[in-house]
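Report on one structure; see the data block that follows.
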Amino acid sequence: MTWIKVTDPQGHPLYLCTEQMVRIRPCIAGADFLPSPAHTTMPRDHKDGDLTSARSIIDLASGM
């Protein structure tokens, strides 16, 4: 079993088991999330659940 370390959009570390990963896909602005507001300056200065600073989305077998 192999584990990898990734970060969430806020920069917090997450550890994922590669056996549970289905795919890694790029974020598409307007399709996966709404664009950042004009006054937003720091990419990681967002509330939890905000994907505007995400670079990729990892789909897991569990769906989470």
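The values are calculated or read from the model by the stated rules, or taken from the named source; none is laboratory data. All of these numbers come straight from a predicted model, not from anything done at the bench. Methodologically, a virtual Cβ is constructed for each residue, glycine included, from the backbone with ideal geometry; neighbour enumeration extends over all protein chains shown.
A compact table of results
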quantity	calculated
Single unsatisfied condition, Asp32 versus (1) at pLDDT 85 or above; (2) surrounded by 10 or more Cβ atoms within 10 Å (Cβ to Cβ); (3) charged (D, E, K, R)	(1)
Some residue of region 15-28 being modelled with pLDDT under 80 and either of a type in the set (Asp, Glu) or not in a loop (DSSP other than H, G, I, E, B) (or both)	no
